[in-house]
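Quick notes on the structure that follows.
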Amino acid sequence: MGLTAAGAVGLSLTGDLLFEEPPERVHPVAWFGRVVAAVDREWRRPKVIGLVVAVVLPLVAGLLAAATTAAALAISTALAGVLAGLVLFSTVSLRMLVSVAQEVIDGTESDPATARESVSALVGRDTAALSPGELRSGAVESAAENLADGVVAPLAAFAVGVHLSLAVGVGAAVWVKAVNTLDSMLGYRSKPVGWASARLDDVAMWIPARVSAGCIALAAGDPAAMVRAGQWASAPPSPNSGWPMATLAAVLDVKLVKTDAYVLNPERDLPSAAEARRGTRIVAVAGAVAFLLAGVAAGAAGVIG
């Protein structure tokens, strides 16, 4: 089973490198997003509904993925491995994350107006008045933060869960991706129905965010960066996102800022285009490190226990 699990991680990486994302019409995350959109409205008791949504929707998604994998496993281990790899591929997004961030950075030198439009896909802030340096900061911050949400969290959940069974690993990856999706769609103060989703995401992402920071420091060859990052990691309102962002700020030795929210490494300047590009390369390598570690950990499922 360890070889099958490691192969699933490898297949997910291959899919990410070759295709970036599954087509939207067959993308499970897009399907889940449509379900979430249906509950994104006014409710008489929004916090009660939000609690039910936060508990039930990710659980159902995870159980469906686990049950499907278990059914495939009853037919063929190879079939289950391929299915696990395809499902895991749908939960991770590294190449697209890096591509969009690089597109924004390139645009800050040639077409800031287009860069402002592009960065809207990455950040939840008003981009109309952002300077080129602030646009690059947003791209770098988002690359670091989404490394945790879009790569490390599902891979780590799979690598841990697969030690119980391949089906549990797949279900765990889908569950954490569903939690992240709920938070990204509903987890705003302006949406009372999303309060429970936001809190659940805070819990689910505690470890992946810090592992992501470690991957960034390792990818940059600067393990002490996490120590330096500790002085700024609590600046963002999220208990988790500050760690990968602050670590990347430490590695690049640049200031990252979200106006009226936080400043990381405040004594430095905003990133230049060259520094921002280096940041996205580091995130790409950190993502590769995460895939490697997940593959090794998943492969050990056949050895441990």
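What is the extension gain from VAL203 to LEU86, computed as 0.36 nm multiplied by their sequence separation minus the C-alpha to C-alpha distance, in nm to one decimal?
Numbers: separation 117, 0.36 × 117 = 42.12 nm, distance 2.64 nm.
Working it through step by step, the gained length comes to 39.5 nm.
Between VAL60 and ARG41, with labels modelled 7 Å along Cα→Cβ, what's the label distance in nm to one decimal, could you check?
1.6 nm
Please give every one of the aspartates and glutamates within straight-line cross-link reach of LYS47, meaning a C-alpha to C-alpha distance under 18 Å, and leave out same-chain neighbours fewer than 8 residues apart.
Correct list for LYS47: ASP183, ASP201, ASP202.
Could you state the angle between the C-alpha long axis of helix 273-299 and the longest principal axis of the C-alpha atoms of the chain, as a value from 0 to 90 degrees rounded to the nearest 10?
The angle comes out near 20 degrees.
Equivalent ellipsoid semi-axes for segment 57-159, as square roots of 5 times the alpha carbon gyration tensor eigenvalues: give them largest first, rounded to whole Å. Can you show the working numbers first?
On the way: eigenvalues 286, 33, 20 Å².
Value: 38, 13, 10 Å, ordered largest first.
Take ASP269 and ALA288, extend 7 Å from each Cα along the Cα→Cβ direction, and tell me the distance between the two endpoints in nm.
Result for the modelled spin labels: 3.0 nm.
Which angle between 0 and 90 degrees, to the nearest 10, do you get for helix 95-110 versus the longest principal axis of the chain when only C-alpha atoms count?
The angle comes out near 20 degrees.
Using all C-alpha to C-alpha distances in segment 172-305, build P(r) with 5 Å bins and read off the rounded percent in each one.
2, 10, 16, 19, 19, 16, 11, 5, 2, 1, 0
Using the count of nearby Cβ atoms within 10 Å as a rough guide to exposure, how do SER234, SER12, SER241 rank from fewest to most?
Listed from fewest to most nearby Cβ atoms, that is SER234, SER241, SER12.
Give the lysines reachable from LYS258 as a straight Cα distance under 28 Å; neighbours fewer than 8 places away on the same chain don't count.
In chain and number order, the partners are LYS177, LYS191.
Just subtract the alpha-carbon distance of VAL52 and SER190 from 0.36 nm times their residue separation and send over the number in nm, one decimal. Walk me through the numbers before you get to the answer.
Values: separation 138, 0.36 × 138 = 49.68 nm, distance 1.85 nm.
Difference between extended and current length: 47.8 nm.
Using unit Cβ charges (K, R positive; D, E negative) and no other charged atoms, how large, in debye to the nearest 20, is the dipole of the chain about its Cα centre?
Working: 22 positive and 25 negative charges, 167 e Å.
Once rounded to the nearest 20, the dipole reads 800 debye.
Okay, helix-only estimate at 222 nm for the chain: each DSSP H run of n ≥ 4 adds -39500 (n - 2.57), divide by all residues, round to 500 deg cm²/dmol; what do you get?
On the way: 14 runs with 212 residues, N = 305.
Only helices count here, giving -23000 deg cm²/dmol.
I need THR259, THR4 ordered by Cβ neighbour count within 10 Å, fewest first. The partial results should precede the final answer.
Details: THR259 12, THR4 21.
The most exposed by this proxy come first: THR259, THR4.
Values quoted throughout were computed directly from the atomic coordinates according to the rules given, and no laboratory measurement underlies them. Quick caveat: nothing in here was measured; it's all calculated off a predicted structure. As a convention, Cβ positions derive from the backbone with ideal geometry for all residues, glycine included, and neighbour counts pool all protein chains shown.
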